[in-house]
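Input: a single structure, listed below in structure tokens.
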Amino acid sequence: MTISPGVRCAIYTRKSTEDGLEQDFNSLDAQHEACAAYVASQRHEGWRLTSGRYDDGGVSGGTLERPALRRLLADIDAGRVTMVVVYKIDRLTRSLADFARLVERFDAAGCSFVSVTQDGRRDRLGARRPEREFGRTLPNAVAGP
């Protein structure tokens with residue numbers, strides 16, 4: 001398989017309950033729409049959406065055992081995804097330990113991530129961008145209310 005150059009973006013969405021997921025336009029759709037708009041705003045940087053969606057509806061962020069997250073991680077490991085785009089960091093995980101594991105795995109695969117509503121983009125080497133104060137906001141971002 002040929003993997004296209006540029007930044008191959010995958011949007012990951014999650015909602016911990018199934019409430020409202022039966023609606024035509026639900027929380028997962030709203031998250032996806034906001035993330036897709038962000039990716040479109042970065043087209044000049046070579047960002048492109050990959051095909052398919054990674055939506056975990058009705059699944060807690062307290063575990064990494066989520067079907068769409070497992071598919072996303074497999075695609076990252078296969079080199080099909082080089083940027084994970086989330087609406088908020090807590091959509092990725094609510095656990096600091098799991099967050100650290102995910103970042104380590106992303107870094108090992110040459111993958112970065114960005115939250116479209118919170119500062120937190122990491123460069124391709126996994127280092128925090130110096131203009132961001134992400135380290136100060138991370139505990140609150142994943143702990144949340």
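Can you give the local net charge around Thr50? Use residues other than it whose beta-carbon is closer than 13 angstrom to its beta-carbon, Lys and Arg +1, Asp and Glu -1. Let's see the in-between values first.
Numbers: positive: Arg8, Arg48, Arg53, Arg71, Arg80; negative: Asp75.
Overall, the nearby charge balance is +4.
Taking 22 Å as R0, compute the FRET efficiency from the Cβ-Cβ separation of Ala97 and Ser60 and round it to 0.05. Working shown, then result.
On the way: r = 15 Å, r/R0 = 0.67.
Calculated value: 0.90.
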Centre separation in Å (Cα based) which lies between region 46-65 and region 27-42: 12
Inter-site label distance for Gln23 and Ala74 at 7 Å from Cα along Cβ, in nm: 3.1
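Within 10 Å of each candidate Cβ there may be at most 16 other Cβ atoms; applying that plus a DSSP loop requirement, which GluC sites (Glu not before Pro) in region 1-81 survive? Present the calculation step by step, with values, prior to reporting the outcome.
Working: sites: Glu18, Glu22, Glu33, Glu45, Glu65; in loops: Glu18, Glu22, Glu65.
When the GluC sites (Glu not before Pro) of region 1-81 are filtered for loop state and at most 16 Cβ neighbours within 10 Å, Glu18, Glu22, Glu65 remain.
None of the figures in this text is laboratory data; all of them are computed from the coordinates on show. Please read all numbers here as calculations on a predicted model, not as lab measurements. Quick reminder, even Gly has a Cβ in these numbers, built from the backbone with ideal geometry, and neighbours come from all protein chains shown.
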